[in-house]
Amino acid sequence: MLVNKKIVLGITGGIAAYKAAELTRVLVKAGAQVRVIMTKSAMEFITPLTMQTLSQGPVYTDMFAPAGEFDMAHISLADFADAFLIAPATGNIIGKLASGIADDLLTTTLMAQNKPTLVCPAMNDKMLANPVVQDNIKKLRQYGYEVMESAVGELACKTSGAGRLPDIPVIIDALESLLTPKDYEGEEVLVTAGPTQEPLDPVRYITNLSSGKMGYALATAARHRGASVTLISGPCAMPAPPGVKIINVRTALEMHEAVMKNFTKATVIVKAAAVADYRPESVSEEKIKKSKGLAGIRLVPNPDIIAEIGAKKTRGILVGFAMETQELLANARLKLARKKMDMIVANSLREEGAGFGTDTNIVTIIDSNGKEIRLDKMTKSQVAHRILDHVKTLKKKKGPAKRK
Ligand code: PMT
């Protein structure tokens with residue numbers, strides 16, 4: 001989402017200014033083009049050289065510097081930006097923005113622009129709680145700035161409370177959301193993700209290699225596009241995506257129950273989870289002892305969750321995944337028809353950069369009209385957006401999905 005996006009990062013003078021260095025590194029790594037404006041106070045905490053090195057571009061500090069990259073920096077930076085990010089934002093910059101003060105390069109540039117702007121306050125907890133600061137934050141929101149909630153925790157002044165700069169992944173998520181058109185507003189999207197674990201005894205279980213990355217990317221993409229998202233997740237190490245209702249489950253039976261409770265109101269259901277087809281018939285209450293020997297494990301089938309929804313569902317779009325090691329498209333087409341999906345996303349374990357655990361995927365989207373779209377290798381976030389794009393096309397064509 002940040003690939004080729006032009007971000008102007010404004011750094012103001014608080015101790016969290018040092019975190020702007022890592023924030024810049026992450027933005028550049030995500031493919032963004034970053035230009036930095038630093039206030040005089042920011043330069044007391046971190047040097048322009050650090051920011052220039054990490055942003056791989058010029059750093060702007062002086063309203064009256066001779067022309068460099070741009071003739072009139074404050075106007076040109078305002079035109080250049082797809083979005084502005086103020087991190088950290090002190091009480092001072094928040095006050096100036098709320099009051100229309102333009103007395104340095106950063107405030108003047110911000111006055112001269114109308115791009116999406118994300119403000120990330122970071123200051124002492126008492127400063128943040130000050131009614132004037134709170135009023136100013138309220139004003140900024142009314143003026144259309146996106147102002148993040150500060151994180152709660154240990155502060156540089158050895159106290160604890162609200163006032164920390166939000167964690168970098170949380171800032172990146174908010175910035176991506178700000179830059180994403182809200183074409184899923186009003187949609188209720190249900191996503192399943194991750195593996196299931198089918199216990200044998202208190203210490204052992206059967207599972208698979210799903211990391212949850214594909215499903216979490218879908219949940220995040222749908223939320224960035226304005227949907228209300230419920231994510232039913234098997235056990236995985238991924239942090240819960242901000243702004244998404246998450247229901248954690250362990251077994252296929254638990255996932256079945258959670259999906260059945262939640263699917264009726266969903267307008268889009270995407271089943272990216274790798275659900276175990278079978279579970280041990282019985283679960284030993286005690287650890288199975290090696291000395292007793294194990295003749296075998298009797299397995300019984302789990303409910304096929306997506307097939308059950310396919311048979312019952314009368315509205316919305318149903319999207320499944322097919323993970324195959326052979327005959328990818330033929331098997332995917334069969335699943336699409338048998339489980340009465342509107343669309344299936346086929347991915348193969350045999351292709352490098354596709355399937356379990358990777359940050360990328362290589363998929364073919366097949367819909368129930370017979371349309372097939374092969375996508376090149378791309379990040380799971382990009383795949384997620386392409387899937388949501390195609391869901392929108394299907395919705396437009398069909399209106400509410402009719403089951404066969
Ligand atoms: O989590 P990652 O590491 O990012 O990996 C992503 C992924 C490979 C897990 C994902 O892209 C994927 O392919 N998910 C589906 C894997 C799978 O279980 O495929 P399947 O062909 O066995 O199942 C077909 C469809 O039926 C799937 O939508 C599955 O969620 C659903 N299903 C399967 C079994 C079952 N009992 N109930 C189901 O609902």
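The values are calculated or read from the model by the stated rules, or taken from the named source; none is laboratory data. Since the model is a prediction, treat every value here as computed from it, not as a measurement. All Cβ positions, even for glycine, are placed from backbone atoms using ideal geometry, and neighbour counts span all protein chains on display. Heads up: the accessible areas ignore ligands, DNA and RNA and are worked out on the full protein's heavy atoms, side chains in. Shrake-Rupley method; radii C 1.70, N 1.55, O 1.52, S 1.80 Å.
Every test in (1) near the ligand (Cβ under 8 Å from one of its atoms); (2) free of Cβ contacts under 8 Å to residues at least 60 places away in the same chain; (3) not small (G, A, S) is passed by Q326 save one, and that test is (1). Inside the range 251-306, residues that are under 25 Å from the mean Cα position of the chain (by Cα) and basic (K, R) make up a count of 3.
Against the test of being of a type in the set (D, E) and assigned to a helix (DSSP H, G or I), the options E351, E308 yield a single qualifying residue, E308. Residues of the range 211-221 that are part of a loop (DSSP other than H, G, I, E, B) and open to solvent by 20 Å² or more (accessible area, probe 1.4 Å): S211 alone.
Residue by residue, here is whether (1) over 20 Å from V189 (Cβ atoms); (2) surrounded by 23 or more Cβ atoms within 10 Å (Cβ to Cβ); (3) more than 25 Å from the chain's Cα centre (by Cα) holds:
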| position | (1), (2), (3) |
| --- | --- |
| S348 | yes, no, no |
| A354 | yes, no, no |
| G370 | yes, no, yes |
| K377 | yes, no, no |
| Q382 | no, no, no |
| R386 | no, no, no |
| H390 | no, no, no |
| K397 | no, no, yes |
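Which of the following residues is surrounded by 21 or more Cβ atoms within 10 Å (Cβ to Cβ), modelled with pLDDT under 95 and more than 16 Å from the ligand (Cβ to nearest atom): G153, G163? Give the derivation first.
Values: G153 fails: surrounded by 21 or more Cβ atoms within 10 Å (Cβ to Cβ).
Result: G163 is the single residue among G153, G163 that is surrounded by 21 or more Cβ atoms within 10 Å (Cβ to Cβ), modelled with pLDDT under 95 and more than 16 Å from the ligand (Cβ to nearest atom).
Beta carbons closer than 9 Å, at least 6 apart along the sequence or on distinct chains, pair a first residue in the range 352-366 that is in contact (Cβ under 8 Å) with a residue 60 or more places away in the chain and small (G, A, S) with a second that is part of a loop (DSSP other than H, G, I, E, B) and near the ligand (Cβ under 10 Å from one of its atoms) for G357/L209; G357/S210; G357/S211.
Of the residues making up the range 245-285, those that are in contact (Cβ under 8 Å) with a residue 40 or more places away in the chain, part of a strand (DSSP E or B), open to solvent by less than 50 Å² (accessible area, probe 1.4 Å) and under 15 Å from P195 (Cα atoms) are V270, K271, A274. A295 meets the stated requirement of being away from the ligand (no atom under 13 Å from the Cβ), closer than 19 Å to P199 by Cβ and among the hydrophobic types (A, V, I, L, M, F, W, C). For the range 116-139, filtered to residues that are under 13 Å from S150 (Cα atoms) and either β-branched (V, I, T) or part of a loop (DSSP other than H, G, I, E, B) (or both), the residue that is most open to solvent (accessible area, probe 1.4 Å) is N124.
Consider L334 carefully, then state whether it is open to solvent by 50 Å² or more (accessible area, probe 1.4 Å), among the aliphatic types (A, V, I, L, M) and at pLDDT below 95. So L334 fails the test. All of (1) surrounded by 15 or more Cβ atoms within 10 Å (Cβ to Cβ); (2) closer than 25 Å to L178 by Cα; (3) free of Cβ contacts under 8 Å to residues at least 12 places away in the same chain hold for Q113 with one exception: (3).
When residues of the range 140-152 are filtered for being out of contact with any strand residue (DSSP E or B) (no Cβ under 9 Å at 6 or more places or on another chain) and not in a helix (DSSP H, G or I), how many remain? Give the steps one after another, and end with the answer.
Taking the range 140-152 first, the residues out of contact with any strand residue (DSSP E or B) (no Cβ under 9 Å at 6 or more places or on another chain) are 142-143.
Now drop any that are not not in a helix (DSSP H, G or I), which leaves 143.
Total meeting the criteria: 1.
G316 satisfies every condition listed in (1) within 13 Å of the ligand (Cβ to nearest atom); (2) surrounded by 18 or more Cβ atoms within 10 Å (Cβ to Cβ) except (1).
Number of residues in the range 222-244 that are within 11 Å of E188 (Cα to Cα) and either of a type in the set (K, R) or open to solvent by 50 Å² or more (accessible area, probe 1.4 Å) (or both) equals 2. For the criterion of being out of contact with any Phe, Trp or Tyr (no Cβ under 6 Å at 6 or more places or on another chain), at positive phi and open to solvent by 30 Å² or more (accessible area, probe 1.4 Å), E327 passes. Say we look at the range 28-79 and pick out the residues that are open to solvent by 30 Å² or more (accessible area, probe 1.4 Å) and touching a residue at least 60 places away in the same chain (Cβ under 8 Å); which of these is nearest to T108 (Cα to Cα)? This residue is K40. Among the residues of the range 330-359, those that are within 23 Å of K392 (Cβ to Cβ) and more than 9 Å from the ligand (Cβ to nearest atom) comprise R333, L336, A337, K340, D342, M343.
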